[in-house]
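Asks: Here it is, the structure in full.
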Amino acid sequence: MRKNKTTHMMAGILIIFFVAIFIVLTGRFIYIQATGEVNNISLEEWAKQKRTSSYTLPAERGKILDKNGMILAYDRPTYRVFAILDDAYSEDPKKPRHVVDVDKTAEALAPILDVEASDIRNSLQAGLDADPPRFQVEFGNAGRQLSQKQKEEIEELKLPGIYFDEEAMRFYPNGMFASHIIGFARETEFEDENGEIKSEISGVTGMEKQMDELLRGQDGYISYQRDLYNSKLLNPNEVIKEPEDGNDVYLTLDQKIQTLLDEALSTVETSYSPERMTAVVMHAKTGEVLAMSSRPSYNPNNPADVQNWYNDVISTPIEPGSTVKMFTWAAAIEEGVYNGDETYLSGTYNVNEKIIPIRDVNEGKGWGTITFDEGFERSSNVAASKLVWEKLGTEKFLDYLHAFDMDKTTEIDLPGEITGEILYNWPREKLTTSFGQGSTVTPIQMMKAATAIANDGKMVKPYVINKIVDSSTSEVIDQNEPEVVSEPISPETAEQVRGLLQRVVEGKNGTGRQFRLEDYSIGGKTGTAQIPSADGGGYLKGRENMIFSFLGMAPIEDPELVMFVSVQQPKLEAGEHGSQPVSFIVKSVMENSLHYLNIDPDGEDIEEIERVEIPELTGKNPEKIAAQLEEKGFNVTTVGSGKQVTEANVTAGEKILPTKHIILVTDEPAMPDIMGWSQRQVVELADMLDLQLESFGNGYVVMQSVEPGTSLKEGSYLGIELLPPGEEREEVQEDEEQQEETSADDEQAEETDVEQEETNE
């Protein structure tokens, strides 16, 4: 009886315990069913989240283009390859959708991704051996930023379990072209509001950074409900928010003028190995920057081992040297204290015993008693000092330095601009500032001030952004307009100074005689500035340790272009002068730019070479018309073997010099041999044929992707590689299969062709 009683009691306790548990669980289920929440988390929302896939629809970053619509920066689609390892992803064993054979997959991918097969095998095996096994794996940097060609090669292998995601990469088709202006953008990672790590392309330097917010756009997204295998449900409740692409930024840069400038700088860099170079070309009337470049530069597609991040034109003040004298003379003329025929004794100028004497450039010997006009022509420091100390007065001269905005930034629409410093505390500093020593300015400050002389007294603000355009509607959102910021001098003063600048180039005693152009009159001022030593102990010694510069404008009667060039510490041969590399840049860029802009020649020597009037070309027989043009001295390239000319890079009735390279496009266009062509000539060809041009490097063509004789259609792709004169291209070895298929005779012929090509280069 006692045993039964104990048993009944324990049974009752267990019943009560289980009833309590049942009541608690039932109550919990009733609560969950009634409220739909667990630990304040909505089960409905949790279920939606678990069965909902959401993907970002990335916005395309806006393009950067030159003023004529040539693309300078854009998002190029690339691909990321990944492998799915989970066999549950394969619904049909006969059509596997996961990696079946690790070794075969690794061996097939390795040569395309340019990695060892063992690296790919290890990545795949590591995913399979993980606990729990990974659903998919990627292949690091080797599996990212794949080209369309690589993607297609992998797809042709038909490897199960290998898939791709498209991702954008910022690409700069012209390589080093204007890199300090355009800058570069790259992919950066960030954490969103949900704590997820995401990536986006962000501007780092230059215009990419300056206009990052406008270029970036707004990402969209797509979400839908799915099953375990990521397949859409029959009723997926799909939500799509379209991305808003970034706006396009059109610059004032002209690709052809910028190419001329880059080619000239690259040539000088090869020939003279200077420490630094800066150059800028600007429209005199509007302030539009048509070209701007610095050396050392970098390729924004691969910004590695960059020697100079700064855009020296706006960010590196220098002592301007004698180029500043044009503003010293302008101030004296404007104040009415200047008489160009008045004479003075050149050589040495002693203001008083307490001030170190001012000496002219020829070791203070001077040229005897000369006029102030001749003093400007000869670049006399004594003349500049006398004008400031005896005619103008030092305080009045300072007022003009302020009027020319030498003490403030230009507010150009580029990041990183700084201003120089006017050293004007002691009498000696006030004198040396008159001829460009001691005080510093940036090249863009000088350019802005020079527009007052070129533009009849009106000083205009430099700018680089032409307009902002909605990439989806082509609507112009914002348009920059020329802005006159002040009028520091009168039109009469500006005209008189331009006459003096012309004397510097054309006068018998002018320091800028080597800057004369063939077809156009040009005026300007040369400069030779000393370089302060790093230890602060005065200036560097030696004829090469200088900054050689030129600030000029053309045509001088009514200037269209203003140009500044500086070359620091070039390596000079015996007998060479520092102005030679500067004049090479100025003459080649200014002459060709004025022709390209269709500015009427006005030079005195233009009649020495007779101009030829271009006959009607379109519809004519290519062979006959090419022979006629060649008889007149033209270099003619006929594109294709058609029966008639459909287009040319010159127009009927145009009168041009016989040095022009004429391109005739026929009705059956085929790729010509463009080896040795300049980038400007290739751009002309691409424009006429509507080719998708992609160029790498600067200089002259050493490789073309389309073989000569290949038929061309609108939209065809053409890739070229360019190198400066004297540099050789690294030859790319053929793959093993092609070598095996090539016969011994073909190999011998190919070697002969390569030797001939290297000889031509």
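Asks: Using only the alpha carbons of the stretch 422-579, what is the convex hull's orientation-averaged projected area in square nanometres? Before the final figure, lay out each step's value.
Replies: On the way: hull surface 57.0 nm².
Dividing the Cα hull surface by four gives the mean projection, 14.3 nm².
Asks: Right, something else. Write down the accessible area per residue of the chain in Å², having rolled a 1.4 Å probe over the full set of protein chains. Provide the component values of the computation, followed by the final result.
Replies: On the way: 38800 Å² over 761 residues.
Each residue of the chain exposes 51 Å² on average to a 1.4 Å probe.
Asks: How charged is the neighbourhood of residue 138? Take every other residue with its Cβ under 9 Å from the Cβ of residue 138, and add Lys/Arg as +1 and Asp/Glu as -1.
Replies: Details: positive: 80, 144; negative: none.
Net charge around residue 138: +2.
Asks: Of all DSSP beta bridges in the chain, what percent run antiparallel (nearest 5)? Could you put the intermediate results ahead of the total?
Replies: Values: 93 of 107 bridges.
Taking every DSSP beta bridge with both residues in the chain, the antiparallel ones total about 85 percent.
Asks: Arrange the residues 558, 535 by how much accessible surface each exposes, largest first, with a 1.4 angstrom probe.
Replies: On the way: 558 85, 535 130 Å².
Result, largest first: 535, 558.
Asks: Something else about it: Order of 587-600, 254-267, 139-152 by packing, highest average Cβ count within 10 Å first? Provide the component values of the computation, followed by the final result.
Replies: Working: 587-600: 17.7, 254-267: 24.5, 139-152: 15.3.
With the highest mean Cβ count within 10 Å placed first, the list reads 254-267, 587-600, 139-152.
Asks: Taking a ≥ b ≥ c as the square roots of the eigenvalues of the Cα gyration tensor of the stretch 420-460, is the shape rounded (a/c under 1.5), prolate (a/b larger than b/c) or oblate?
Replies: Working: a/c = 3.34, a/b = 2.20, b/c = 1.52.
It comes out prolate by the Cα gyration axes.
Asks: Further, regarding this structure: Using the structure shown, select from 386/541; 632/660; 95/158; 325/525; 541/571; 365/396 the pairs with a Cα to Cα distance greater than 19 angstrom. Could you put the intermediate results ahead of the total?
Replies: Details: 386/541 27 Å; 632/660 11 Å; 95/158 11 Å; 325/525 8 Å; 541/571 14 Å; 365/396 29 Å.
Those over the limit are 386/541; 365/396.
Asks: Evaluate the Kirkwood expression for the hydrodynamic radius of the stretch 310-451, namely the inverse of the mean inverse distance over all pairs of different C-alpha atoms, and round to one decimal in Å.
Replies: Details: mean 1/r = 0.0648 Å⁻¹.
Evaluated over the stretch 310-451, this radius sits at 15.4 Å.
Asks: Across the stretch 17-28, in residue order, what do the Karplus-derived ³J(HN,Hα) couplings come to in whole Hz, using 6.51 cos²θ - 1.76 cosθ + 1.60 with θ = phi - 60° and x for Gly and Pro?
Replies: Residue by residue, the stretch 17-28 yields 4, 5, 4, 4, 4, 4, 4, 5, 5, 4, x, 5 Hz.
Asks: Mind putting together the pair-distance distribution for the stretch 524-567? All Cα pairs, 10 Å bins, whole percent per bin, short to long.
Replies: 27, 35, 22, 13, 3
Asks: Place +1 on the Cβ of every Lys and Arg and -1 on the Cβ of every Asp and Glu in the chain, take the dipole about the Cα centre, and give the residue among 581, 548, 140 whose Cα lies farthest towards its positive end.
Replies: In the chain, that residue is 140.
Asks: Continuing with this model, one more query. Rounded, prolate or oblate: pick one for the stretch 640-699, where a ≥ b ≥ c are the square roots of the eigenvalues of its C-alpha gyration tensor, a/c under 1.5 means rounded, and failing that, prolate if a/b is larger than b/c, else oblate. Present the calculation step by step, with values, prior to reporting the outcome.
Replies: Working: a/c = 2.00, a/b = 1.20, b/c = 1.67.
Oblate shape, in that a/c is at least 1.5 and b/c is the bigger or equal ratio.
Asks: Still on this structure: Quick check on the stretch 494-649: take the gyration tensor over C-alpha atoms, sort the square-rooted eigenvalues as a ≥ b ≥ c, and tell me if it's rounded (a/c under 1.5), prolate or oblate.
Replies: On the way: a/c = 3.17, a/b = 2.10, b/c = 1.51.
Prolate.
Asks: Quick check: residue separation of residue 630 and residue 13 times 0.36 nm, minus the Cα distance between them. What number comes out in nm? Present the calculation step by step, with values, prior to reporting the outcome.
Replies: On the way: separation 617, 0.36 × 617 = 222.12 nm, distance 11.60 nm.
Stretched fully, the residue 630-residue 13 segment lengthens by 210.5 nm.
Asks: Hey, another quick one. If every alpha-carbon in the stretch 96-161 counts as one equal scatterer, what log10 I(q)/I(0) does Debye give at q = 0.22 1/Å?
Replies: One equal scatterer on each Cα of the stretch 96-161 leads to -0.98.
Asks: While we're looking at this one, here's another question. Ordered by residue, what ³J(HN,Hα) values in Hz, to whole numbers, does the stretch 362-375 give under the Karplus form 6.51 cos²θ - 1.76 cosθ + 1.60, where θ = phi - 60° and Gly and Pro are x?
Replies: Residue by residue, the stretch 362-375 yields 8, 6, x, 6, x, 10, x, 8, 9, 7, 5, 4, 5, x Hz.
Asks: Hey, if you drop one equal point scatterer on each alpha-carbon of the chain and run the Debye formula without solvent, what base-10 log of I(q)/I(0) do you get at q = 0.09, 0.10 Å⁻¹?
Replies: Debye intensities relative to I(0), on a log10 scale: -0.97, -1.11.
Asks: Just report the Cα centroid separation between the stretch 420-450 and the stretch 89-162, whole Å.
Replies: What the calculation gives is 64 Å, centre to centre.
Asks: What do you reckon, how do 285, 525 stack up by accessible area (1.4 Å probe), largest on top? List each step's numbers first, then the result.
Replies: Values: 285 65, 525 0 Å².
Per-residue accessible area, sorted high to low, gives 285, 525.
Asks: Let me ask something additional. If each DSSP helix of 4+ residues adds -39,500 (n - 2.57) and the sum is divided by the residues in the chain, what number results at 222 nm, nearest 500 deg cm²/dmol?
Replies: On the way: 22 runs with 243 residues, N = 761.
Value at 222 nm, helices only: -9500 deg cm²/dmol.
Asks: Another question, if that's okay. So what's the gap between the Cα centers of the stretch 486-524 and the stretch 329-388, to the nearest angstrom?
Replies: Each part's Cα centre sits 18 Å from the other's.
Asks: Counting only protein heavy atoms and a 1.4 Å probe, tell me what percentage of the chain's accessible area is made up of carbon and sulfur. Mind dumping the intermediate values first?
Replies: Values: 18300 of 38800 Å².
C and S fraction of accessible area: 47 percent.
Asks: How big is the gap, in Å, between the Cα center of the stretch 61-76 and the Cα center of the stretch 546-593?
Replies: 30 Å
Asks: Let me ask something else about it. State, as an integer percentage, the relative contact order of the chain based on alpha-carbon contacts under 8 Å between residues 6 or more apart.
Replies: 10 percent
Asks: A further question follows. Under 25 °C and 0.890 mPa s, how fast does the stretch 315-367 diffuse according to Stokes-Einstein, given a Kirkwood radius computed over C-alpha pairs? Answer in µm²/s, whole number. Write out the running numbers ahead of the final one.
Replies: Values: Rh = 13.5 Å.
D, rounded to a whole number, is 182 µm²/s.
Asks: Hey, could you pull the Cα Rg and Dmax for the stretch 137-180, both in Å?
Replies: According to the Cα coordinates of the stretch 137-180, Rg and Dmax are 14.2, 45 Å.
Asks: How much length is gained if the chain between residue 490 and residue 478 is pulled fully straight, taking 0.36 nm per residue apart and subtracting their Cα-Cα distance, in nm to one decimal? Write down the numbers at each step before the final one.
Replies: On the way: separation 12, 0.36 × 12 = 4.32 nm, distance 3.25 nm.
Separation in residues times 0.36 nm, less the Cα-Cα distance, equals 1.1 nm.
The values are calculated or read from the model by the stated rules, or taken from the named source; none is laboratory data. In this text, all values refer to a predicted model and were calculated from it rather than measured experimentally. Positions of Cβ are backbone-derived with ideal geometry, glycine not excepted, and every protein chain shown enters the neighbour counts. Surface areas here come from the heavy atoms of the whole protein model, side chains and all, with no ligands, DNA or RNA. Shrake-Rupley method; radii C 1.70, N 1.55, O 1.52, S 1.80 Å.
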